[in-house]
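Presented below is the structure to which this report refers.
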Amino acid sequence: MDCDSCGDRAVYLRRYSGQAYCAEHFREYFEGKVRKTVHRRKLLKRGERIGVAISGGKDSCTLLYVLDKLKKKYDLELIPIAVDEGIGGYREEAIKAAESLATDLGLSIEVVSFKKSFGQSLDEISKNGDACTCCGVLRRRLLNDAARELGLAKLATGHNLDDEVQAIMMNYVRGDIERLARFGGRVNGGGFVRRIKPLGELPEKEVALYSTLKELGASFDECPYSTSFRSSIRDIVNDLERDNPGIKFSILRGYEKIAPYLTAYEMGDIKKCAKCGEPSSKEICNACSLLEEMRQS
Amino acid sequence: MIVKLKINGGRESQLTIGEGETIAQVLDRLGINRETVLVRLNGEIRTEEERLDGGDEVWIIRAITGG
């Protein structure tokens, strides 16, 4: 199969549009799609200081690499932030990949860790509870802390289209409409640093291809704590996509259409956690509740 | 016809294919969803529409990860 633009051998067929790309035209398409997403969702403003959450995986390495390409246009200052959760045999190599990419791009990376901040690694914490839930709560806390301490305007994460669609579907099938209403980074202010997802309209396969073609040295390993529920949803969505190319976009667009009608379910006023002063919808924030449980166990 | 097959950097094996069979058809036969992998054909990333020849090296790489 040949590239529709130049006739060179194709590396990718975008099945949902029928277009075939050689490596060079795929790169052009991919970077253009990120620029369009940034423009459509109004993700960046000129002169901003942007934190980039980087794990060393293909998504966050690609994110850092493409944002670096936008740095000049938007006059951005990029600060990569890596969270070392303490997942033995998984995170060490990934953090090295993140550090190596940051060095190649001439950026200084900030590394924060569960062990230093909370006294326990995720491997230790997970002995007493669900690793994914604990990790999500504590990662959010660490990244929000780091983002505020570093005076960042926004925090960019490497979530891709598949992540977005999985989150939407998980909330739907659980009937968790409150969480669905909060989804999409619309909770701003009150101490939360705004999250942006510049890869949010790119399928995971395309991110993996870009990362491979660019030889970013990113990790393709799967987190050992990845939940079976998310995996089930991921498999269902990928089976649907195989048989109905473009369905991931349909799910996202469908969500965008109903999102304005979900405001009744949104989080109420953001309060301050009585213990730590961090923004929270509850009297005591999830991170403090979890840390208290860890102390008592 | 026989092609050499490697999945996620595992051991190389051999697979008998039919005349004009494509990578997509091989993936279907192996029960691998094409949306979840990248494929190197003789060392180069290629689309799943490529037809295979005897002696080809087909490396299937997991592209979808969790966590």
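Rank the residues A:39, A:159 as a footprinting-exposure proxy: fewest other Cβ atoms within 10 Å of their Cβ go first.
So the ranking, lowest neighbour count to highest, is A:39, A:159.
How large is ³J(HN,Hα), in whole Hz, for each residue of the stretch A:206-222 in order, when computed from phi with the Karplus curve 6.51 cos²θ - 1.76 cosθ + 1.60 and θ = phi - 60°, using x for Gly and Pro?
These are the phi-based 3J(HN,Hα) values: 5, 5, 4, 5, 4, 4, 6, 5, 7, 6, 6, x, 7, 7, 10, 6, 8 Hz.
What is the distance in Å between the Cα centres of the stretch A:134-162 and the stretch A:1-48?
Each part reduced to its Cα centre gives a spacing of 27 Å.
Per 5 Å bin, what is the whole-percent P(r) computed from every C-alpha pair distance within chain B?
Whole-percent P(r) values from 0 Å outward: 4, 18, 32, 29, 11, 3, 1, 1.
Once the convex hull of the C-alpha atoms of the stretch A:60-155 is built, how many Å³ does it hold per residue, rounded to a whole number?
Convex hull of Cα atoms, per residue: 98 Å³.
Hey, if you put +1 on the Cβ of every Lys and Arg and -1 on every Asp and Glu Cβ in the stretch A:1-104, which of A:89, A:34, A:100 ends up farthest toward the positive end of that dipole?
Ranked along the dipole, the leading option is A:34.
Taking H as built 1.01 Å from N, whose amide H comes closer than 5 Å to the amide H of residue A:54, not counting residues under 5 places away?
A:81, A:82, A:83
Which percent, nearest 5, of DSSP beta bridges in the protein assembly as shown are antiparallel?
That works out to approximately 50 percent antiparallel.
For chain A, which span is the longest to avoid every loop-located (per DSSP) member of trypsin sites (Lys or Arg not before Pro) having at most 15 other Cβ atoms inside 10 Å?
A:47-185
Within 10 Å of each Cβ in peptide A:4-15, how many partner chain Cβ atoms are there on average? Round it to a whole number, please.
Mean partner-chain Cβ count within 10 Å for A:4-15: 3.
Could you pull out every residue, at least 5 positions away or on a different chain, whose amide H is within less than 5 Å of the one on residue B:56? Hs are placed 1.01 Å off N in the peptide plane, and Pro or chain starts have none.
B:4
Taking each residue in A:157-166, count the Cβ atoms of any other chain within 10 Å of its Cβ, then average. What number comes out?
That average works out to 1.
List every residue whose amide H lies under 5 Å from the amide H of residue A:219, counting only residues 5 or more places away in sequence or on a different chain, with H placed 1.01 Å from N in the peptide plane.
Residues meeting the criterion, in which the H sits 1.01 Å from N, are A:57, A:58.
Sticking with the crude label model, points 7 Å out along Cα→Cβ, report the distance from residue A:73 to residue B:16 in nm, one decimal please.
It is 5.3 nm.
Please get the size of the charge dipole for the protein assembly as shown, origin at its Cα centre, with Cβ charges of +1 on Lys and Arg and -1 on Asp and Glu, quoted in debye to the nearest 20.
Dipole of the protein assembly as shown, to the nearest 20 debye: 1540 debye.
Return the loop-located GluC sites (Glu not before Pro) in chain B (DSSP other than H, G, I, E, B) with at most 11 other Cβ atoms within 10 Å of their own Cβ; answer none if there are none.
B:12, B:19
I want to verify a result. In a Gaussian network model of chain A, Cα cutoff 10 Å, which of these has the top mean-square fluctuation: A:138, A:209, A:13?
Looking only at A:138, A:209, A:13, the biggest GNM fluctuation is shown by A:13.
Apply 1/(1 + (r/R0)^6) to the Cβ-Cβ distance of residue A:41 and residue A:289, taking R0 = 45 Å, and write down the FRET efficiency to the nearest 0.05.
E between residue A:41 and residue A:289, to the nearest 0.05, is 0.90.
Got a sec to turn the phi values of the stretch A:138-145 into Karplus ³J(HN,Hα) couplings, 6.51 cos²θ - 1.76 cosθ + 1.60 with θ = phi - 60°, whole Hz, x for Gly and Pro?
Ordered by residue, 3J(HN,Hα) equals 6, 4, 4, 4, 4, 5, 5, 4 Hz.
Size of the dipole of chain B about the Cα centre, Lys and Arg at +1 and Asp and Glu at -1 on the beta carbon, nothing else charged, in debye to 20?
340
Which value, in debye to the nearest 20, gives the size of the charge dipole of the stretch A:162-297 about its Cα centre, when Lys and Arg are +1 and Asp and Glu are -1 at the Cβ?
520
Using θ = phi - 60° and the Karplus relation 6.51 cos²θ - 1.76 cosθ + 1.60, list the HN-Hα couplings for the stretch A:13-28 in order, rounded to whole Hz, with x at every Gly or Pro.
Calculated HN-Hα couplings, in order: 10, 7, 5, 6, 10, x, 9, 9, 10, 7, 4, 5, 6, 5, 4, 4 Hz.
In the Gaussian network model of chain A, springs joining C-alpha atoms below 10 Å, which of A:229, A:183, A:26 carries the largest mean-square fluctuation?
For chain A, modelled as a Gaussian network with Cα springs under 10 Å, the answer is A:229.
Among A:260, A:62, A:296, which residue has its Cα furthest toward the positive end of the charge dipole of chain A, with +1 on Lys/Arg Cβ and -1 on Asp/Glu Cβ?
Result: A:260.
Taking springs between alpha-carbon atoms closer than 10 angstrom, which of A:131, A:264, A:167 fluctuates most in the Gaussian network model of chain A?
So, out of A:131, A:264, A:167, the one fluctuating most is A:264.
Restrict the search to chain B; then list the trypsin sites (Lys or Arg not before Pro) that DSSP places in a loop and that have at most 12 other Cβ atoms within 10 Å of their Cβ.
Those satisfying the criteria are B:11.
On average, how many beta carbons from a partner chain sit within 10 Å of the beta carbon of a residue in B:35-47?
5
So what's the stretch A:99-153 giving for Rg/Rh, alpha carbon basis, Kirkwood Rh from the mean inverse pair distance?
With Rg and the Kirkwood Rh in hand, the quotient comes to 1.06.
We did not get these values from a lab; they are worked out from the coordinates using the rules stated. Bear in mind that the values here come from a model prediction, so they are computed numbers and not experimental data. When we count neighbours, we look across all protein chains shown, and the Cβ atoms used for this are built from the backbone with ideal geometry, even at glycine.
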